[in-house]
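These notes are about the structure you will find just below.
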Amino acid sequence: MFDLSNARFAFLDIETTGLSPWFGDRICQMAVVVTEGRRVKSTVDLLLNPGRSLSPAAFHVNGLHESKLSAAPLFEDVAGQLEALLNDAVIVCHNAKFDLQFLDNEYRKLNRTVEYPNLIDTLLLARDNFDLESYSLQFLADAFHVPSSLQESRALADALTVKNLFFAMMDALKPNGRPLDDYIGIYNSPAWPEEGVYLPTELSEAINSGRRLFIKYMDKDGGISERWISPTEVMGLSDYIYLKAFCHTRNAERTFRLDRIIEVAVEVKKE
């Protein structure tokens with residue numbers, strides 16, 4: 001059995017060029033915070049050369065510049081370092097299937113598959129045990145009074161936030177008397193398309209909220225438009241993932257490439 005006070009944890013966050021490895025998106029940054037219980041033992045923050053450009057949405061989120069990424073090592077150059085960090089650890093991340101599908105993809109390119117026998121997803125942990133309005137990382141951090149990490153690196157800031165959030169949630173769950181092992185699952189390599197489309201938490205929650213969305217959308221020529229839409233369906237087409245929606249601004253159905261939605265906000269209903 002694992003003991004929360006001295007188990008080896010690896011808190012992981014990944015930044016990517018877009019939303020789906022199945023359409024060629026790659027990892028461009030990884031951060032891992034390794035702890036023994038609550039004690040931080042090591043912190044690693046790695047930029048990676050993804051071999052492709054960032055989507056508009058990804059650049060809006062992580063702010064990484066092509067010049068820095070093109071000079072960074074390839075995933076294959078750091079795969080051994082990453083394995084040393086993750087091996088024999090309880091891996092903890094937020095929205096695990098989204099992040100780990102990218103790791104899986106990188107290892108497949110090296111003719112390998114991955115399985116993580118000890119995994120905790122703070123998204124599922126929160127959904128299963130707490131009734132909240134949202135389960136985005138920032139909302140949960142605020143709900144559990146976890147301070148934001150002041151890091152220039154988005155990946156490292158999020159990995160540290162996941163660490164603090166995880167221990168805050170475990171403290172809240174302590175009265176249940178359940179052992180740490182009860183919260184641990186296994187990650188296996190996913191299959192496409194049977195496993196469906198995994199999206200970042202905020203975007204998934206917005207699309208499935210049942211409310212109108214305000215979006216800023218960048219077209220293929222770089223022009224930005226603002227629209228009110230009502231989502232109807234997420235579709236994987238031949239070239240990428242699209243959102244089908246009724247556009248209230250144009251008063252017609254439209255489809256939007258998800259990696260070109262650079263900002264999204266859910267309409268607030270009046271009381």
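Here, each number is a calculation from the coordinates, and none is a lab measurement. Because the structure is a prediction, the values reported are computed rather than measured. Glycine gets a Cβ as well: all are built from the backbone with ideal geometry, and neighbour counts include every protein chain shown.
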Which of rounded, prolate or oblate describes segment 83-227 when judged by the alpha-carbon gyration tensor and an a/c cut-off of 1.5?
oblate
Give the peptides 139-148, 7-16 in descending order of average Cβ contacts within 10 Å, highest first.
7-16, 139-148
Given a Förster distance of 30 Å, the FRET efficiency implied by the Cβ-Cβ spacing of E76 and E115, rounded to the nearest 0.05, works out to 0.95
Please report the spacing between the Cα centers of segment 9-56 and segment 201-231 in Å, no decimals.
25 Å
If you take the square roots of the eigenvalues of the alpha-carbon gyration tensor of segment 121-162 and sort them as a ≥ b ≥ c, do you get rounded (a/c under 1.5), prolate (a/b over b/c) or oblate?
prolate
Which order, highest average first, do 126-138, 21-33 follow once you tally other Cβ atoms within 10 Å for each residue and take the mean per peptide?
21-33, 126-138
Can you return the lysines within cross-link range of K220? Criterion is Cα-Cα under 21 Å, with same-chain partners fewer than 8 residues away left out.
K244
How far apart, in nanometres, would the label points at R178 and R211 be if each is projected 7 angstrom from Cα along the Cα-to-Cβ direction?
2.9 nm
Per residue of segment 176-185, in order, report the coupling 6.51 cos²θ - 1.76 cosθ + 1.60 (Karplus, θ = phi - 60°) as ³J(HN,Hα) in whole Hz, putting x for Gly and Pro.
5, x, 7, x, 4, 4, 5, 9, 9, x
Compute the length gained on full extension between D221 and E66: take 0.36 nm times their separation in residues and subtract their Cα-Cα distance, giving the result in nm to one decimal.
54.0 nm
Tell me, what is the percent relative contact order of the chain, built from C-alpha pairs under 8 Å that lie six or more residues apart?
19 percent
Can you classify the chain as rounded, prolate or oblate using the Cα gyration tensor, where a ≥ b ≥ c are the square roots of its eigenvalues, rounded means a/c under 1.5, and otherwise it's prolate if a/b beats b/c and oblate if not?
oblate
Modelling each spin label as a point 7 Å along the Cα-to-Cβ direction, I'd like the S53/D3 distance in nm, to one decimal.
5.4 nm
